[in-house]
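The values are calculated or read from the model by the stated rules, or taken from the named source; none is laboratory data. Note that this is a predicted model, so its numbers are computed, not measured. Cβ placement follows ideal geometry from the backbone for every residue including glycine, while neighbour counts extend to all protein chains displayed.
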Amino acid sequence: MIEWSETKIKAFQQTLLDWYDHNKRTLPWRQDHNPYHVWVSEIMLQQTQVQTVIPYYLHFMEEFPTVQDLADAPEDKLMKTWEGLGYYSRARNLQKAARQVVTDYHGKWPSNAHDLQELSGIGPYTAGAIASIAFNQPVAAVDGNAFRVFARLLEINADVAKPQTRKIFEKVINKIISKDRPGDFNQAIMDLGASYMTATNFDSSHSPVRAFNQAFLDGIEDQYPVKTKKKRPVVHDYFGLVIRSDNGYLFQKRPSSGILANFWMFPLFDHQDLTDDQSLSKSALIQIVEAKMQSDYQLPIKLSQVLDKPVTHTFTHQQWKITLLEGRLPENVDLSYFPGKWIQPAVFDEMTFSKVQSKLWSAYQKRPSIS
DNA sequence: GAACCGTGGCG
DNA sequence: TCGCCAAGGTT
């Protein structure tokens, strides 16, 4: 890693902020520095691209204009507003934090990074972002952009995939950040990281800070940031049950923790949980599911495969391959042994579905007709 | 510290 | 198709 003199730091600040003043992106959450606006946008932007967030942010502010509205919101309305954005614990933590602000802080926001981190869903990055943008505190906001930009500018060789590396960047950036305009400085780094200094297909030769980019000047920019590779998603094979009666389709509520917590879905059976015998045929596996529905839930059901190919969905750490099975149950069958309920298609629009559930329903509706 | 937690876009 | 990436936090 190289180090900058005070003179060079001043020159960098001026170059960066001049560029930002003339080229900053116009974004809905940049119309003011209201901490509620800054906070909601920062949570939505976690691991999510700007273009994805914009419509969600606008809709969210229509539904919940103030932190009080968010604190008072019914959970189903909150989740419906978040539907499709992913990482749904963000939405739950958002409301937790809103209630913390309203009750514990009596509507008065904590105004420094340390206190902001006490709120649910606010970690080191988001605390720095809110403190600098909304409260003009001179603290670093180390996100993926900051890692990428400063790793290249200073040829920092620490592995940005390791948690401890953040402290190295915080220390460096806290020396370089503008003490007069910390919020603009942090946002300028983000705009730089989203334009001239992207992860791939970057355009360093036209960047406003190219003269400060040591890795570019040395022709080794593609070596930064240093980042170890992630592991591949683990594959899970499921049966997805599309079971109909005159009362609607059978849904099951997912566990309250883990992936897609509390979401309603078609019942899923992991092949791994059905048998240890890897050699069993698919029809044999289906018979096991039928027997399990009978013995565990007192539900007599005959299942048949609907589609040739499974519905696939890839998460960050898991890949699901779901083979759809179709069946029918008599009206008013006893559901008291099954952790689920019947839902009519007419009310699907009011439910919050995960993407994978939407895919299952969509694939089922497009199934070849038997007639 | 490593694993977990969604979705969409891109080469 | 696949791996990587995108304004990270929690456990």
Determine which member of the set A:Ser336, A:Ser279, A:Ser369 is under 17 Å from A:Gln252 (Cα atoms) and modelled with pLDDT under 95. A:Ser336
Just name the residue that is farthest from DNA strand C (Cβ to nearest atom) out of those in segment A:230-266 that are more than 23 Å from the chain's Cα centre (by Cα) and within 25 Å of A:Gln278 (Cα to Cα). A:Leu241
Grab the helices (runs of 4 or more DSSP H) fully contained in segment A:101-215, keeping just those with 1 or more residues being touching a Ser or Thr at 6+ places or on another chain (Cβ under 7 Å) and within 16 Å of A:Leu17 (Cα to Cα). A:182-193
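For every residue, the table says whether it meets (1) under 22 Å from the mean Cα position of the chain (by Cα); (2) closer than 26 Å to A:Ile156 by Cα.
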{"residue": "A:Met1", "(1), (2)": "no, yes"}
{"residue": "A:Trp19", "(1), (2)": "no, yes"}
{"residue": "A:Ile43", "(1), (2)": "yes, no"}
{"residue": "A:Thr48", "(1), (2)": "yes, yes"}
{"residue": "A:Tyr56", "(1), (2)": "yes, no"}
{"residue": "A:Val67", "(1), (2)": "yes, no"}
(1) of a type outside the set (Phe, Trp, Tyr); (2) touching a helix residue (DSSP H, G or I) at 6+ places or on another chain (Cβ under 7 Å); (3) within 16 Å of DNA strand B (Cβ to nearest atom) all hold for A:Glu170 apart from (2)
For A:Thr312, are the conditions met, namely being within 16 Å of DNA strand B (Cβ to nearest atom), part of a strand (DSSP E or B) and hydroxyl-bearing (Ser, Thr, Tyr)? yes
Is there a residue in segment A:22-38 that is more than 18 Å from A:Met61 (Cβ to Cβ) and assigned to a helix (DSSP H, G or I)? yes
Which residues, counting only those in segment A:64-93, are surrounded by 15 or more Cβ atoms within 10 Å (Cβ to Cβ), part of a helix (DSSP H, G or I), away from DNA strand B (no atom under 13 Å from the Cβ) and not polar (S, T, N, Q)? A:Val67, A:Leu70, A:Ala71, A:Leu78
Has segment A:41-51 got at least one residue that is under 30 Å from A:Val347 (Cα atoms), acidic (Asp, Glu) and within 16 Å of DNA strand B (Cβ to nearest atom)? no
Give me the pairs: first residue in segment A:300-329 and free of Cβ contacts under 8 Å to residues at least 40 places away in the same chain, second residue among the charged types (D, E, K, R) and within 12 Å of DNA strand C (Cβ to nearest atom), beta-carbon distance under 6 Å, and six or more apart or on different chains, which are they? A:Thr312/A:Lys321
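For every residue, the table says whether it meets (1) in the same structural domain as A:Ala127 (by TED's automatic domain parsing); (2) of a type in the set (Lys, Arg); (3) in contact with a helix residue (DSSP H, G or I) (Cβ under 8 Å, 6 or more places away or on another chain).
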site	(1), (2), (3)
A:Arg181	yes, yes, yes
A:Gln187	yes, no, yes
A:Met190	yes, no, yes
A:Thr200	yes, no, no
A:Pro208	yes, no, yes
